[in-house]
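Report on one structure; see the data block that follows.
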Amino acid sequence: MSAVFLNVAPIFLLILLGWIAARTGLLREQTGDGLAEFVFKVALPALIFRTLAEAHFQGASPFRLWVAYFGGVAITWTVGHLMARHLFARDAKIGVIAGMSSAFANNVFIGLPLVGRSVGEDGIVAISILLAVHLPFMMVVGTILMEHASAKEDGRERQGLLAVIRQVAANLVRNPLVIALTLGIGYNLTGIGALPAVVKSVVDQIASVTAGAALISLGMTLRKYPVKGNLGLATVMALLKLTLLPASVFALAQILGLSKAWTAAMVLTASVPTGINAWILAVRFQSGGSLAASVISITTIFGIVTVSFWAWVLA
């Protein structure tokens, strides 16, 4: 267990380092934003492209992987929503944000570095396959549910399914991660083989800074997500995120017979803190922003314990 902890601890220490740098004024807030932009638009795409371009899929199907992960998401989201609505007596919009906060993992800035460190290249392949559909699926579902909840609570006109899909698709076409996924898989399918030496050298050097830069930039942005209000509900949603989601994914991965590496990748990324997209959706619909922010911070504070536990289980 101590060896596992030592493998996981640097992930959260880098997040803490970023938070301290921003909190003390050592680095300006704009620096954190710029670093996050570099990671999202350059470093992560380089890592994903290189991994998928050189991956050996060996006929592995992504569908069982998606069913295992999103099955866990559906279970956790439903439980979180129902608890917010009936146990805490919150309205439909808060119910959606609560459910989403309990089931939306930060698999880009934390999950990918963690899986790369703990599982290796096979794990990065698995999480890259997940990333191909994770953001569009979660944002379409979240937006549709919030549109329905807003129509119910506020009497506003509900946006149609096609309009939601068009809006999300328009954003995804310009998303650097989606572009990198497409190019990486496209290159792989050509059968050319390894990347040219000069190209590989450049891509490798950019990709090598991904983990550290991503985690430090995340730590610097955590100041935007203070723990305030909805503390009881936020704590319960954080508990679901850190325990029920990875447990559900683990159970489904066992039932579906995923490989050890792919199971580890899916469970570990399910166990990481809540991603910021729940907060983004809350701000867009002007409901549940403080709840989502609190869940992000609580799960980040206690994530080192639960992530270490799941890493130990999967070792």
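The values are calculated or read from the model by the stated rules, or taken from the named source; none is laboratory data. Quick caveat: nothing in here was measured; it's all calculated off a predicted structure. Using ideal geometry, Cβ is built from the backbone for each residue, glycine included, and neighbour counts are taken over all protein chains shown. What goes into the accessible areas is simple: the full protein's heavy atoms, side chains included, and nothing from ligands, DNA or RNA. Shrake-Rupley method; radii C 1.70, N 1.55, O 1.52, S 1.80 Å.
Give me the lysines in straight-line cross-link reach of LYS93: C-alpha distance below 23 Å, same-chain residues under 8 apart excluded. Output for LYS93: LYS152, LYS224, LYS228, LYS241. With the simple model of a label 7 Å out from the Cα in the direction of the Cβ, ALA197 to THR78 spans 5.6 nm. Annotation: lysines with alpha-carbon distance below 19 angstrom to LYS200 (same-chain offsets under eight excluded): LYS41.
What ranking, highest mean first, results for peptides 296-304, 269-277 when packing means the other Cβ atoms within 10 Å averaged over each residue?
Numbers: 296-304: 22.0, 269-277: 27.6.
Highest-to-lowest ranking by the protection proxy: 269-277, 296-304.
Against the main long axis of the alpha-carbon atoms of the chain, helix 260-271 sits at an angle near 40°.
Principal semi-axes of the equivalent ellipsoid, √(5λ) from the alpha carbon gyration tensor of the range 1-154, are 30, 24, 17 Å from largest down.
Shown here: the range 132-283, whose C-alpha atoms stretch 58, 39, 35 Å along the first, second and third principal axes, sorted largest to smallest.
A simple rule links phi to the HN-Hα coupling: the Karplus curve 6.51 cos²θ - 1.76 cosθ + 1.60 with θ = phi - 60°, which for the range 205-215 gives 5, 5, 5, 5, 8, 4, 4, x, 5, 4, 6 Hz, with x for Gly and Pro.
Over all pairs of different C-alpha atoms in the range 23-104, the reciprocal of the mean inverse distance, the Kirkwood hydrodynamic radius, equals 16.5 Å.
I'd like to know how the range 187-241 sits against the 2.2 N^0.38 Å rule of thumb: what's its Cα Rg over that expected value?
On the way: Rg = 20.3 Å, N = 55, 2.2 N^0.38 = 10.1 Å.
The range 187-241 yields a ratio of 2.01.
Each principal axis of the Cα cloud of the range 197-308 was evaluated for its coordinate range; sorted largest first, these ranges are 53, 37, 27 Å.
Just the number please: accessible area per residue for the range 213-261, 1.4 Å probe, all protein chains included, in Å².
Values: 2000 Å² over 49 residues.
In whole numbers, the range 213-261 has 41 Å² accessible per residue.
For the range 78-213, what % of the accessible area comes from carbon and sulfur atoms, probe 1.4 Å?
Numbers: 4060 of 6240 Å².
Taking all protein chains in place, the range 78-213 shows 65 percent carbon and sulfur surface.
Principal axis extents of the Cα atoms in the range 1-48, from largest to smallest and rounded to whole angstrom, are 38, 33, 8. The mean sequence distance of close C-alpha pairs (under 8 Å, at least 6 residues apart), as a share of the length of the chain, puts its relative contact order at 36 percent. May I ask for the percentage of alpha-carbon pairs in the range 65-213 that lie more than 26 Å from each other? Percentage above 26 Å: 40. The label-point distance for VAL209 and GLU153, in a model that sets each label 7 Å from Cα toward Cβ, rounds to 4.2 nm. Using a Debye calculation, one point per C-alpha and no hydration shell, please list log10 I(q)/I(0) for the range 236-298 at q = 0.20 Å⁻¹ in order. At q = 0.20 Å⁻¹ the computed log10 ratios are -0.76. Sorting the segments 213-220, 306-313 by their residues' average number of neighbouring beta-carbon atoms within 10 angstrom, most packed first, yields 213-220, 306-313. The convex hull around the C-alpha trace of the chain, projected and averaged over every direction, spans 16.4 square nanometres.
Given the -39500 (n - 2.57) contribution per DSSP H run of 4+ residues, what per-residue ellipticity at 222 nm results for the chain, rounded to the nearest 500 deg cm²/dmol? After summing the helix terms and dividing by residue count, I get -24000 deg cm²/dmol.
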